[in-house]
Amino acid sequence: MSHDSSPAAPSSPPVILRFAVPSPLRRLFDYLPPVGMSAAAAAALPPGIRIAVPFGPRTLVGVLVSVHAQSSVPSEKLKQTLHCIDDTPLVPPALLDLFLWAAQYYQHPPGDALQSMLPALLRQDRPAARAPRRVWRLSDAGRELPEEALRRAPRQREIVDYLSEHGELDKLSLIETEMSVAALNALISAGLVCTHDETDTRAAAPVGGPTQSREAPLALNERQRVAVHTVVAALGGFGCFLLDGVTGSGKTEVYLQIIEAVLRDGKQALVLVPEISLTPQTIGRFRRRFQCRIAVLHSGLTDTERLQAWLDARDGHARIIIGTRSALFTPMAQPGVLIVDEEHDSSFKQQDGLRYSARDLAVVRGRREELCVVLGSATPSLESLHNVACGRYTHLLLTERAGQAAQPALHLVDTTQELVQEGFSGPLLSRMQAHLQAGNQVLVFLNRRGFAPTLQCADCGWVSECAHCDARMTLHRTTPHLRCHHCDARRPVDRHCPQCKSRNLQALGLGTERLQAWLQALYPQTRVLRIDRDTTRRKNELDVLLNEVHQGGPCVLIGTQMLAKGHHFPRVTLVGVLDADAGLFSADFRGQEHTAQLLMQVAGRSGREGMPGEVLIQTRHAAHPTLQTLVRDGYGHFARLLLQERQLAGMPPCTALALIRAESEDYRAPESFLALVRQMAETLTGQASGHGVTLMGPLPSPMEKRAGKFRAQLQISAPQRPALQQLLTQLCPQVESLREARTVRWSVDVDPQDML
Ligand code: ADP
Ligand code: ZN
Ligand code: ZN
């Protein structure tokens, strides 16, 4: 604890400053004002400023949450703060509230929650200053350049055109637009472009009018028009909308036109996209449409750039903010709308630290800041569909593909009834042949990278297990080795069986490498490309592969779920799903939902430009009701049935669920720790009459051993969220102070995304 030594108690009634301090404890910390600050000045300190505070032997950056006249800590034990870092609130009040709400809801230490979501440079004891921002503008000579100049230097012409349209170019836009640095330097040498280093933030305000469109909006179809009008009519207050439209139905166009209305109103738009869709193509679409400053928060930003983007958004210079999960916490001067694209995507849920769902918190933020929230997906999560059914969200359906493209037809192939070679059934092979002969592209989906998931001894049955996990090691052949996909352990491929010394070792099962080798031998004249984590590890490798696909020549594209999302493959007319079964019987209660979403997303890659698409799904369980419903009646119908099942089974989203997980190298420790937690929970629910709280476990996790740790979990569920919240809020601080809590690593996951 920090409050060990005690400065002299002040004589006038004390002013107590309450802070979020980065510490693993689930509480706020009280301090006295800095030496020499008057009580009146201290009482007027605004929440949201940062103040340096002593914490044990260290000095930490605390964020002021509130000012009080009393503390539960005796005043002689309170320490004085050191010095103010900001004079005006760094974190706007609405956002500070959101952090505290999230820390409470997800049962995470508030100081840690807040700090982990701030740009790294703001976690330090130094002012939130903008780095000078380097921009390039046309010189007088550049502005007077005639249209036909620079014909021979198209890359320079491109920059001049950009500058005459946008006024200025900064480093980020230079990278995103992929314009040439050499061409820019040539223009500077020729005196056509000049460099400015801007420190004044006002000078960085958008140059063009914020509402000016560059590329004209499309004429909306009827469904799109209804969607845009419904949301635009509700702007200015809280409202939540589920934009439910198949892939290619024009959701993005709907977002763009909503944003246009928001910008026209002088407001800002925040757009969250899954990790995988934050591509230059996505950003390009926004840039082509709008002339205003767009802040893009991606993982490649330096700390300085990230801070810059954060401040630009906070101060209203950036009118559109696009980013992944953590961008939800970007402050905005004039917030206008929150958009979450592909809202079902699991990357919106953080899996460590503050285990928040950016989608769910977007709705919380929308309610607090009176904003409209648009959640879009071709395969909405059951959570959002449930909220529609309860009347909390407005359902906006886009039923048709926009433009000319028709919906692909889905067919099941029963692999128990067909001859299967290296994973391919006869019907799939013959359709592939036909589509390739017609000059089209084929996509083959298998969610397993590597050559084969197992190496097995044909004589004694030994399999290549990971020494650290309850899992098998995957055989890789391109660079031969065995690798565990759970802990990344690697070792050389065995030459003979470690158990019986037999040399008769077999690669068992299929991975994308194996498919590629086999198909390339089958179609020696056709390009067979593979897109998975192994072929796209290095920078640009993905772009090179995608470029080749976009050239449009016939090819087979083999891929994992990397391929299932976000990309448009206009020349793909056939999609083959090799194995639909893995997720159907998963230990995870969301297995079926995720499988169906993945299948529909993969299916959505095909036939996007007027060419009819066809999807063949191979399964050993063709009679499985999930698959039948999905193929026959579509995702919407399937999701409704699944929701009914969840209702009957008492699973989310029909009940509130939390998991307490524990792991340790000692195989007994997690379960005995969780047994204690369960006892404490039982005592608490006994007192509060329980409100229907159900405890299950401790149970070993579905994969009990991973990366050398044994893992167990305790499930806590309740029919209503408040009962669960109440229990957790009492339970977690008690658990935190348990001596046994130090023998394990433990965590709470509220609304867990998976049970693994
Ligand atoms: P989604 O985001 O639902 O996948 P997009 O907005 O990307 O759909 O639209 C798919 C394709 O249809 C794009 O090429 C887009 O330009 C086109 N499109 C969208 N809306 C219209 C429209 N109203 N008229 C014509 N084409 C449209
Ligand atoms: Zn053997
Ligand atoms: Zn492993």
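Sequence-distant or interchain residues sharing an amide H contact under 5 Å with THR454, placed H: which?
Answer set, sorted by chain and number: LEU475, LEU508.
With a Förster radius of 51 Å, plug the Cβ-Cβ distance of GLU418 and ARG367 into 1/(1 + (r/R0)^6) and report the FRET value to the nearest 0.05.
0.45
Using a Förster distance of 35 angstrom, determine the FRET efficiency expected from the C-beta separation of VAL67 and ASP470, and round it to 0.05.
Taking R0 as 35 Å, the efficiency between VAL67 and ASP470 is 0.10.
Dividing the convex hull volume of the Cα atoms of segment 45-131 by its residue count, what figure in Å³ per residue is obtained?
Normalising the Cα hull of segment 45-131 by residue number yields 119 Å³.
May I ask for the distance between the Cα centers of segment 466-515 and segment 328-356, given as a whole number of Å?
For segment 466-515 versus segment 328-356, the Cα centre distance is 38 Å.
ILE558's amide H: which non-local residues (gap 5+, or another chain) put their own amide H closer than 5 Å, with H modeled 1.01 Å from N in plane and none for Pro or chain starts?
Answer set, sorted by chain and number: VAL444, LEU529, ARG530, ILE531.
Listing SER425, SER38, SER672, SER249 from the residue with the fewest other Cβ atoms within 10 Å to the one with the most, what is the order?
SER38, SER672, SER425, SER249
Test of understanding: ordering LYS251, LYS501 by Cβ neighbours within 10 Å, fewest first, what list do you get? Before the final figure, lay out each step's value.
Working: LYS251 25, LYS501 11.
The order, fewest Cβ neighbours first, is LYS501, LYS251.
How big is the antiparallel share of DSSP beta bridges in the chain, given as a percent to the nearest 5?
Details: 62 of 116 bridges.
Counting only bridges with both partners in the chain, antiparallel ones make up about 55 percent.
Stick to the Cα atoms of segment 598-674, pair each with every other, and give me the Kirkwood hydrodynamic radius in Å at one decimal.
So the Kirkwood estimate lands at 16.3 Å.
For segment 309-323, just list the computed ³J(HN,Hα) in residue order, Karplus coefficients 6.51, -1.76 and 1.60, θ = phi - 60°, integers in Hz, with x standing in for Gly and Pro.
My calculation for segment 309-323 gives 4, 4, 5, 4, 6, 4, 8, x, 6, 8, 8, 10, 10, 10, x Hz in order.
Let me see the P(r) profile for segment 133-199: every Cα-Cα distance counted, bins of 10 Å, each bin given as a percent of all pairs.
Histogramming segment 133-199 at 10 Å steps yields 22, 62, 15, 1 percent.
Stokes-Einstein at 20 °C, 1.002 mPa s, Kirkwood radius from Cα pairs: D for segment 656-750 in µm² s⁻¹? Walk me through the intermediate numbers first.
Numbers: Rh = 13.2 Å.
D = 162 µm²/s.
Percentage of Cα-Cα pair distances in the chain greater than 33 Å, rounded to whole percent?
Roughly 60 percent, once rounded to a whole number.
With Cβ to Cβ distances under 9 Å as the rule, what net charge do the other residues near LEU695 carry (K, R +1; D, E -1)?
Combined, the nearby Lys, Arg, Asp and Glu give 0.
For segment 560-708, what are the per-bin percents of Cα-Cα distances with bins 5 Å wide, up to the bin holding the maximum?
2, 8, 13, 15, 14, 12, 11, 10, 8, 5, 3, 2, 0
In nm, to one decimal, how far is the GLN561 label point from the ALA120 one, both placed 7 Å along Cα→Cβ?
2.8
Viscosity 0.890 mPa s, temperature 25 °C: Stokes-Einstein D of segment 323-469 from its Kirkwood Cα radius, in µm² per second? The partial results should precede the final answer.
Details: Rh = 20.6 Å.
The estimated diffusion coefficient comes to 119 µm²/s.
Residues in segment 259-279 near a label at LEU218, defined as backbone nitrogen under 16 Å from the 7 Å Cα→Cβ point?
Inside the label zone: 259-260.
Using a Förster radius of 45 Å, what is the FRET efficiency between ARG134 and LYS77 based on their Cβ-Cβ separation? Nearest 0.05, please.
For R0 = 45 Å, the calculated efficiency reads 0.35.
What's the whole-number percent of alpha carbon pairs in segment 212-303 lying beyond 19 angstrom?
Result for the distance tail: 45 percent.
Using the basic label-point model (7 angstrom from Cα toward the beta carbon), what is the ARG538 to SER346 distance in nanometres?
3.0
Can you give the Rg to Rh ratio for segment 474-617, taking only C-alpha atoms and Rh from Kirkwood?
1.01
Using 0.36 nm per residue of separation minus the Cα-Cα distance, give me the extension gain between THR230 and ALA182 in nm, one decimal. List each step's numbers first, then the result.
Values: separation 48, 0.36 × 48 = 17.28 nm, distance 4.73 nm.
Taking THR230 through ALA182 to full extension adds about 12.6 nm, to one decimal.
When the gyration tensor of segment 450-509 is built from Cα positions, what are the square roots of 5 times its three eigenvalues, in whole Å, from largest to smallest?
Ellipsoid semi-axes (Å, largest first): 18, 12, 10.
Report, to two decimal places, the Cα Rg of segment 224-394 normalised by 2.2 N^0.38 Å (N = number of residues). Provide the component values of the computation, followed by the final result.
Details: Rg = 14.8 Å, N = 171, 2.2 N^0.38 = 15.5 Å.
In units of the 2.2 N^0.38 Å rule of thumb, it is 0.95.
Take ARG490 and HIS196, extend 7 Å from each Cα along the Cα→Cβ direction, and tell me the distance between the two endpoints in nm.
Each label point is offset 7 Å from its Cα along the Cβ direction, giving 4.9 nm.
The numbers here are math on the coordinates, done by the rules we state, and not lab data. Bear in mind that the values here come from a model prediction, so they are computed numbers and not experimental data. Reconstructed Cβ throughout: ideal geometry from the backbone, glycine too, with neighbour counts over all protein chains shown.
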